[in-house]
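> First, the structure itself, so that you have it in front of you.
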Amino acid sequence: MRRKGVRSVGFLDKVRQVDEYMWEIPAEAQEGMRVPGIVFADREILEKADGDNALQQVANVACLPGIVKASLAMPDIHWGYGFPIGGVAATLVEGGVVSPGGVGYDISCGVRLVLTSLTWEEAKEKLPELLDLLNTSVPKGLGTKGRLHLERGEVERLMSKGAPELVARGIGWEEDLEAMEEQGCYPGADPSKVSERAFARGKDQVGTLGSGNHFLEIQVVEETRPPADKLGLFEGQLVVMVHSGSRGLGHQICTDYIEVMGASLKKYGYSLPDRQLVCAPVESREGRDYLAAMACAANFAMCNREAITHWIRECFEKVFRAGARNLGMHVLYDISHNLAKMEEHVVDGKRLTLMVHRKGATRAFPGSRPEVPAKYADTGQPVIIPGDMGSHSYVLVGTREALEKSFGSTCHGAGRTMSRKAAKKQVRGEELKRRLERMGIMVRAAQLSGLAEEAPEAYKDVRAVVEICEGAGISRRVARMRPVAVMKG
Amino acid sequence: MVGGKRGRGGGELKRFEVIEHTADVGIRAYGRSREEAFASCALGMMSLILDVGSVEPRERKDIRARASGPEELLVRWLSEILFLVEVEGWAFGDFEVREVTGDRVEGWGLGEPLDPARHKVSGEIKAPTYHMLQLSEENGTWVAQVIFDV
């Protein structure tokens, strides 16, 4: 398919296969590259990424000042702006840069899995009632506001103190915090670095799902492998997956700081191949301010998913007439797909403090890392990979090999393969809803046209993406879930 | 999808078209002046959010933006409209731009309060991006191209 304004640059000729699932774009492939590019993929995905210009974007990211080791891309790679989706880059904290484009507009967009002790057999008759209740209880779509009516000071406290502040208000459980990255509070958040505009866009959106690819899905665990039991997963189990982010607050923070850093590029003497890669030294005023604002958005996103979890538990309690604790509704883990984090990694035998940008990529640490909750010390950190609405989702765990190969990162989902316009052209929302229902997947959507954009055929085969991650050693499969009910914004 | 046409001294001109992008979506808008291109681009963006044909032009909302350069101005103008949709709950069915200078745009949107039940909303837009951003003029036709994060 020929797309207007898009041309393949034929980067494939410059790519060298390292092993079955690893491909290298040498640093000589493009002027200005400071490190090589590394893509975890099979040939089919690699070719698709080239046609998409995503390989060009991997090379562009390799030009960032202070980047170490390689510009990486996960197997769900596809064209983004600046960074490809599925892009990972680590820059030196001392002498390196932070780039809002390496995080994306939906800061801390992420996913969590809420477990239950219910089996599919026990729950299936009540599923229609449950989905209808969830559909009216979890706000979604454009123009909807959250159910929490918060004063400005309260929202500021959520931004700076994160999910513990929400839990202290009785929304969510204390134990949930241990199942979140940074225990639900990203350090260094400073609401004074968040614009009035960002504040206005986000203030009524705590506990809202949003639209686009965001969803709430009820799934059944279909297949497990060790150490699934240690994670509380078993075959036939009903689980709930939530995919949402920092809503208008995060989008505006990204917009604001791309502007700020665009204006300061000259000051730092940076010349970049793509304007969406604007950046500033980590230790500059612009860099520190962005990180303080980004942390606010990360905390907001975790609060958002925590509030949604609270509404989900309430719905289960009503429908199953039992307490959420009795229903075993523990959070397996809450992960972010879009974030920059200061982490220690060993590169060429040296321990370095790095700013690891993950854009459409997930942290996948082994249990030995101090960041991983103690309860996952033996298993590795859970990684939650949503599929599309019609296919399976997965739980993986982080590996030691991921630390060595990808700064402890893996894929974040299936990754799109078809544009939204093309998807809408091929698929009608009403037909898709019927098709999914024939497959045994109940659907509630704010807008059916939005549903069509997210049709399964618009995505890569998530199984192939997960298999490459496993083949490359950057994470390990533990469970596979099939969707039985989907709620879309 | 191709947007409505507008005749203004010299025949009709297609106002905008949707650009394909794997993950996101863009608008290429046209005008006989920079002002028309800005208005058409805004209409194109609105068409990604809702069915612009379902919006009644009941009220006029003044929209202004300032920026350091013409392309930045286009992003700011669209960001301003997005803010009005998301925070103030506006649904716009059309736009007019009075003046675009080097660092300032002044115009207005025609519409009414957003009613998701009546306006056939198709989705949210997170932001206009600088990716493949273009504002140019050739043979008297202005082109404004923006990719949106959706």
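The values are calculated or read from the model by the stated rules, or taken from the named source; none is laboratory data. Note that this is a predicted model, so its numbers are computed, not measured. Please note: Cβ atoms are built from the backbone with ideal geometry, for glycine as well, and neighbour counts cover all protein chains shown.
> Within the range B:90-140, which residues are small (Gly, Ala, Ser) and more than 24 Å from B:Glu35 (Cβ to Cβ)? Break it down stepwise before answering.
Here is the first cut: in the range B:90-140, the residues small (Gly, Ala, Ser) are B:91, B:93, B:102, B:107, B:109, B:111, B:117, B:122-123, B:127, B:136, B:140.
Those that are small (Gly, Ala, Ser) and more than 24 Å from B:Glu35 (Cβ to Cβ): B:Ala117, B:Ser122, B:Gly123.
> Would you point out the residue of the range B:100-131, among those that are under 30 Å from A:Glu453 (Cα atoms) and of a type in the set (Lys, Arg), that is farthest from the other protein chains (Cβ to nearest Cβ)? Steps first, please.
First, pick out the residues of the range B:100-131 that are under 30 Å from A:Glu453 (Cα atoms): B:109-131.
Narrowing further to those that are of a type in the set (Lys, Arg): B:118, B:120, B:126.
Values: B:Arg118: 11, B:Lys120: 8, B:Lys126: 4 Å.
Within the range B:100-131, the match that is farthest from the other protein chains (Cβ to nearest Cβ) is B:Arg118.
> Scan (1) part of a loop (DSSP other than H, G, I, E, B); (2) closer than 30 Å to A:Gly323 by Cβ for the single condition A:Pro187 breaks and write down its number.
Condition not satisfied by A:Pro187: (2).
> Restricting to the range A:64-105, and then to whatever is among the charged types (D, E, K, R) and under 30 Å from A:Arg463 (Cα atoms), can you tell me which residue is surrounded by the most Cβ atoms within 10 Å (Cβ to Cβ)?
Among residues in the range A:64-105 that are among the charged types (D, E, K, R) and under 30 Å from A:Arg463 (Cα atoms), the one surrounded by the most Cβ atoms within 10 Å (Cβ to Cβ) is A:Asp76.
> Would you confirm whether any residue within the range A:106-114 is closer than 21 Å to A:Glu344 by Cα and within 14 Å of chain B (Cβ to nearest Cβ)?
yes
> Among the residues of the range A:75-105, write down those that are over 15 Å from A:Gly37 (Cα atoms), among the hydrophobic types (A, V, I, L, M, F, W, C) and more than 13 Å from chain B (Cβ to nearest Cβ).
Within the range A:75-105, A:Leu92, A:Val93, A:Val97, A:Val98 meet the criteria.
> So, of the residues in the range A:24-41 that are within 24 Å of the chain's Cα centre (by Cα), assigned to a strand (DSSP E or B) and buried (at least 24 other Cβ atoms within 10 Å of the Cβ), which turns out to be nearest to the other protein chains (Cβ to nearest Cβ)?
Within the range A:24-41, the subset within 24 Å of the chain's Cα centre (by Cα) is A:37-41.
If we keep only those that are assigned to a strand (DSSP E or B) as well, we get A:37-40.
Now restrict to residues that are buried (at least 24 other Cβ atoms within 10 Å of the Cβ): A:37, A:39-40.
Details: A:Gly37: 19, A:Val39: 16, A:Phe40: 18 Å.
Among those that are within 24 Å of the chain's Cα centre (by Cα), assigned to a strand (DSSP E or B) and buried (at least 24 other Cβ atoms within 10 Å of the Cβ), it is A:Val39.
> Shifting gears a bit: Is it fair to say A:Glu44 is more than 24 Å from the chain's Cα centre (by Cα) and assigned to a helix (DSSP H, G or I)? Talk me through it step by step, then tell me what you get.
Working: more than 24 Å from the chain's Cα centre (by Cα): no; assigned to a helix (DSSP H, G or I): yes.
No: the conditions fail for A:Glu44.
> One residue is enough: does the range A:429-441 have a residue meeting the conditions crowded, with 19+ Cβ neighbours inside 10 Å and within 11 Å of another protein chain (Cβ to nearest Cβ)?
yes
> Right, here's the next one. Given the condition modelled with pLDDT of 95 or more and among the β-branched types (Val, Ile, Thr), answer yes or no: does some residue in the range A:39-55 qualify?
Yes, the range A:39-55 has at least one match.
> Can you tell me how many residues within the range A:119-148 are out of contact with any strand residue (DSSP E or B) (no Cβ under 8 Å at 6 or more places or on another chain) and farther than 27 Å from A:Glu223 by Cα?
Summing the residues that are out of contact with any strand residue (DSSP E or B) (no Cβ under 8 Å at 6 or more places or on another chain) and farther than 27 Å from A:Glu223 by Cα in the range A:119-148 gives 9.
> Check whether at least one residue in the range B:2-18 is in a helix (DSSP H, G or I) and either over 30 Å from A:Asn213 (Cα atoms) or modelled with pLDDT under 95 (or both), and report yes or no.
Scanning the range B:2-18, I find no residue that is in a helix (DSSP H, G or I) and either over 30 Å from A:Asn213 (Cα atoms) or modelled with pLDDT under 95 (or both), so the answer is no.
> Still on this structure, please answer the following. Tell me, please, whether a residue that is more than 23 Å from B:Pro70 (Cα to Cα), within 14 Å of chain B (Cβ to nearest Cβ) and in contact (Cβ under 8 Å) with a residue 12 or more places away in the chain can be found in the range A:249-272.
Yes, because at least one residue in the range A:249-272 is more than 23 Å from B:Pro70 (Cα to Cα), within 14 Å of chain B (Cβ to nearest Cβ) and in contact (Cβ under 8 Å) with a residue 12 or more places away in the chain.
> For the range B:32-61, which positions are assigned to a strand (DSSP E or B) and surrounded by fewer than 24 Cβ atoms within 10 Å (Cβ to Cβ)?
Within the range B:32-61, B:Glu59, B:Arg60, B:Lys61 qualify.
> For B:Gln134, state whether it is within 13 Å of chain A (Cβ to nearest Cβ), under 25 Å from B:Leu13 (Cβ atoms), touching a residue at least 12 places away in the same chain (Cβ under 8 Å) and in contact with a Lys or Arg (Cβ under 7 Å, 6 or more places away or on another chain).
no
> Do we have any residue at all in the range A:339-348 that's closer than 20 Å to A:Arg477 by Cβ and of a type in the set (Lys, Arg)?
In the first step, residues of the range A:339-348 are kept if they are closer than 20 Å to A:Arg477 by Cβ; the result is none.
Within the range A:339-348 (the criterion being closer than 20 Å to A:Arg477 by Cβ and of a type in the set (Lys, Arg)), the answer is no, since none of the residues qualifies.
> Go through the range A:236-272 and give me each residue that's within 30 Å of A:Glu223 (Cα to Cα) and either hydrophobic (A, V, I, L, M, F, W, C) or over 16 Å from the mean Cα position of the chain (by Cα) (or both).
Result: A:Gly236, A:Gln237, A:Leu238, A:Val239, A:Val240, A:Met241, A:Val242.
> Looking only at the range A:401-421, count how many residues are within 14 Å of another protein chain (Cβ to nearest Cβ), crowded, with 20+ Cβ neighbours inside 10 Å and part of a helix (DSSP H, G or I).
Total meeting the criteria: 1.
> Still on this structure, I have one more. Please pick out the residue among A:Leu12, A:Leu72 that is aliphatic (A, V, I, L, M), in contact with a helix residue (DSSP H, G or I) (Cβ under 8 Å, 6 or more places away or on another chain), in a helix (DSSP H, G or I) and more than 12 Å from chain B (Cβ to nearest Cβ).
Result: A:Leu12 is the single residue among A:Leu12, A:Leu72 that is aliphatic (A, V, I, L, M), in contact with a helix residue (DSSP H, G or I) (Cβ under 8 Å, 6 or more places away or on another chain), in a helix (DSSP H, G or I) and more than 12 Å from chain B (Cβ to nearest Cβ).
> Further question on the same structure: Looking only at the range A:203-226, which residues are touching an Asp or Glu at 6+ places or on another chain (Cβ under 7 Å) and in a loop (DSSP other than H, G, I, E, B)?
Those that are touching an Asp or Glu at 6+ places or on another chain (Cβ under 7 Å) and in a loop (DSSP other than H, G, I, E, B): A:Gly210, A:Ser211, A:Gly212, A:Asn213.
> Only one of these is basic (Lys, Arg) and either out of contact with any His (no Cβ under 9 Å at 6 or more places or on another chain) or at positive phi (or both): A:Arg358, A:Arg321, A:Arg351. Name it.
A:Arg321
> Could you grab me the full set of residues in the range B:28-60 that are more than 14 Å from every other protein chain (Cβ to nearest Cβ), within 18 Å of B:Ile125 (Cα to Cα) and either of a type outside the set (A, V, I, L, M) or touching a residue at least 60 places away in the same chain (Cβ under 8 Å) (or both)?
B:Phe38, B:Ala39, B:Ser40, B:Cys41, B:Ala42
> For the range B:64-78, give me each residue that is in contact with a Phe, Trp or Tyr (Cβ under 7 Å, 6 or more places away or on another chain) and buried (at least 24 other Cβ atoms within 10 Å of the Cβ).
Residues satisfying the conditions are B:Leu74, B:Trp77.
> Filter the helices (runs of 4 or more DSSP H) completely within the range A:116-177 down to those with at least 3 residues that are in contact (Cβ under 8 Å) with a residue 40 or more places away in the chain and surrounded by 15 or more Cβ atoms within 10 Å (Cβ to Cβ).
Answer list for the range A:116-177: A:127-137, A:152-161, A:163-168.
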